[in-house]
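The values are calculated or read from the model by the stated rules, or taken from the named source; none is laboratory data. Please read these numbers as outputs of a predicted model, since none were measured by experiment. Note: ideal-geometry Cβ built from the backbone for every residue, glycine included; neighbour counts use all protein chains shown.
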């Protein structure tokens, strides 16, 4: 650690010092203050632009031609959707300044290329940031309040379902935050281990998994099991890993077998999708509101209606969408003159976004943006399938596999999601991308 600090002090110029400090505090800031996280990312982007304009040294990015072109095509589509949008004022800030997220990724890549010691700084910043979030959540679980004094949150009459939120107070983001950072943490951990220590990696997965379970976020729990599923293929001790994970979650579900948490994860989810009907007499009034559901649904009636709304908006704005963050405005506009009925009795529901990444991309930036993101997702998924099929996997294979997995869970189709263009979600997506760019280059050069 002392040597790392010496390198930071002696081997970096002032601009790079500020850049390193800004990026290092992003992971923890994403849990404590999105304003601070966005501000730090913006400062990092400005420093990188200053570096490119003054030193005119683009040698660090010479191997990123395809990735840079890919992003600029996406950015160009976002700007086109803004130009032709009917809601320019609402869409301008989110659209025009979207480039700052990719610049954050490039800044991380630049530091990794320039300084051999920066990888350890990145590792410690991510590990410390996420560890503080996990530790704080356990404090909230044990004592009822976290280190900021935020209590556990209860919904469904405020006394039925109690769940953890940690630093996020009343926002349900704790599980999403941890599950989306987990592959990055593991990939950095594995990068520094020539001999895999499966026990420690399993402990990381279990400790984070328990917090995700008690956050009551069903999408986060589903993504966690996706991570477990894929991680199984690169584990050196598959039986040990599978046993510890299964035992942990059997205990968790057993522990809360009669609680509202288990009802939400199992009974409520199955009912929302139309797979079962409630037969218990002791369910709460809020659950009874869904008892009449008889159709098989995409996740729930509400989610299906939101997706339906997004597709109607897409049909009216096929090529360029209605513009970033204009879902609500366009929905309200269409709703005034929309009469079409469906066999499933779908309705237009106006929200800030359709709660599905690909439906949102279709409705807000059109078919070309959808093709671009879908292509990227499929390509990354194929890369991981190739690694799974390899007989002798190297350390680099495993690191690359986990970083690809990070992308997969962030842009996975067919599941509910946060807003793709939201600043919190964008930072969660683009922060690990910096390390991915660095490893992707190394992987294809070996």
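Flag: residue 187 does not match the condition of being crowded, with 17+ Cβ neighbours inside 10 Å, more than 17 Å from residue 403 (Cα to Cα) and within 17 Å of the chain's Cα centre (by Cα).
For residue 421, work out the one condition from (1) more than 19 Å from residue 221 (Cα to Cα); (2) part of a helix (DSSP H, G or I) it doesn't fulfil. Going through the list (1) more than 19 Å from residue 221 (Cα to Cα); (2) part of a helix (DSSP H, G or I), residue 421 breaks only (2). Taking (1) exposed (fewer than 15 other Cβ atoms within 10 Å of the Cβ); (2) over 30 Å from residue 440 (Cα atoms); (3) in contact with a helix residue (DSSP H, G or I) (Cβ under 9 Å, 6 or more places away or on another chain) in turn, residue 395 satisfies each apart from (2). Between 86, 63, the distinction of being more than 30 Å from residue 316 (Cβ to Cβ) and outside the structural domain of residue 445 (by TED's automatic domain parsing) belongs to 63 only. When 417, 363, 351 are checked against the criterion of being buried (at least 21 other Cβ atoms within 10 Å of the Cβ) and without any contact (Cβ under 8 Å) to a residue 60 or more places away in the chain, 363 stands alone in meeting it. Would segment 334-343 turn up any residue that is in a helix (DSSP H, G or I), touching a helix residue (DSSP H, G or I) at 6+ places or on another chain (Cβ under 9 Å) and surrounded by 21 or more Cβ atoms within 10 Å (Cβ to Cβ)? No: segment 334-343 contains no residue that is in a helix (DSSP H, G or I), touching a helix residue (DSSP H, G or I) at 6+ places or on another chain (Cβ under 9 Å) and surrounded by 21 or more Cβ atoms within 10 Å (Cβ to Cβ).
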